[in-house]
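Colleague: Okay, here's the structure, questions in a sec.
The numbers here are math on the coordinates, done by the rules we state, and not lab data. Small disclaimer: the values here were computed from a predicted structure and weren't measured. Reconstructed Cβ throughout: ideal geometry from the backbone, glycine too, with neighbour counts over all protein chains shown.
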């Protein structure tokens with residue numbers, strides 16, 4: 001596989017973990033339930049550790065991580081604000097986070113399927129991110145009411 005394609009794949013993995021960290025940052029101030037807050041902080045910690053693994057792999061390949069596009073960040077922020085304005089219950093926040101994790105699984109799976117010849121290091125990172133997001137979904141389900 002060409003270096004550029006692997007770099008793009010790895011950048012997508014990195015951005016997926018960064019989006020998890022930043023979305024949780026945006027939503028934590030809206031969370032009143034201590035158990036849900038603890039769960040989201042745990043998820044954020046896992047995303048941060050994973051993000052560092054992705055950055056280390058990027059650096060090993062002489063690539064640099066890039067921030068999320070400003071419009072994507074703004075869109076996520078607006079989505080959080082609008083979706084929690086009328087309903088900031090734990091159930092609704094868990095629902096939003098489950099939807100976000102599902103979108104992440106879909107996005108990384110599409111990227112993975114588009115790069116069947118990628119190195120095992122990158123494919124393993126993609127699989128790990130998918131597992132993290134699937135685990136997050138399972139841990140958030142008890143908050144749905």
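Colleague: For the range 59-101, rounded, prolate or oblate, judged on the Cα gyration tensor with a ≥ b ≥ c (square roots of eigenvalues), a/c < 1.5 rounded, else prolate if a/b > b/c?
Modeller: In terms of gyration-tensor shape, oblate.
Colleague: Another question, then. Which one, 72, 99, 41, has the greatest fluctuation when you compute a Gaussian network model over the chain with C-alpha springs under 10 angstrom?
Modeller: Judging by the Gaussian network model, the answer is 72.
Colleague: Select one label from (1) 29, 20, 13; (2) 29, 15, 13; (3) 27, 23, 14: the one whose number is semi-axes √(5λ) of the Cα gyration tensor in Å as derived from the coordinates shown.
Modeller: Recomputing semi-axes √(5λ) of the Cα gyration tensor in Å here picks out (2).
Colleague: Grab the Cα-Cα distance for residue 42 and residue 144, subtract it from 0.36 nm times how many residues apart they are, and report the gain in nm with one decimal.
Modeller: Length gained between residue 42 and residue 144: 34.9 nm.
Colleague: Take residue 72 and residue 53, extend 7 Å from each Cα along the Cα→Cβ direction, and tell me the distance between the two endpoints in nm.
Modeller: For the pair residue 72/residue 53, the computed spacing is 2.0 nm.
Colleague: Would you mind checking the tilt of helix 120-140 against the longest principal axis of the Cα atoms of the chain, expressed as 0 to 90 degrees and rounded to 10?
Modeller: Compared with the principal axis, the helix lies near 10 degrees.
Colleague: If you average the alpha carbon positions of the range 22-63 and of the range 82-112, how far apart do those two centres end up, in angstrom?
Modeller: Here the two parts' Cα centres lie 14 Å apart.
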